[in-house]
Amino acid sequence: MADRDVERNYTVPEFAAKLRRLADALESGKPFRIQVAGERFTVPRSAEISVEHEREGDEEEVEFQLKWKLADVEEPDSDDAV
């Protein structure tokens, strides 16, 4: 699989909806399906979750990060992914 590094901006309502779906998946122990910049993929329930804070000059940034190995991805049943 080719390397990829994309960033997509969302409106506040779009971002809030994605966070709600992610939170629901995490709480129920299910994988999370998401599409970013035209590519759909599954975040497995075993993904490592971290929050990163950066400050540089007069800018600050917070990143919510989920990280996993491709081998950890299970193919979700149609009922399993959110």
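The values are calculated or read from the model by the stated rules, or taken from the named source; none is laboratory data. Here the structure is a predicted model, which means the values were calculated and not measured. We place every Cβ from the backbone using ideal geometry, glycine too, and count neighbours over all the protein chains shown. Calculation scope for accessible area: heavy atoms of the full protein, side chains included, ligands and nucleic acids excluded. Shrake-Rupley method; radii C 1.70, N 1.55, O 1.52, S 1.80 Å.
Structure values in brief
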item	result
Within the chain: Cβ-based charge dipole about Cα centre, in debye rounded to nearest 20 (Lys, Arg +1; Asp, Glu -1)	420
Counting DSSP beta bridges with both ends in the chain, the antiparallel % (nearest 5)	100
Net charge contributed by nearby residues that have their C-beta within less than 15 Å of residue 17 (K/R +1, D/E -1)	+3
Percent carbon-and-sulfur accessible area, the chain, ignoring ligands, DNA and RNA, probe 1.4 Å	47
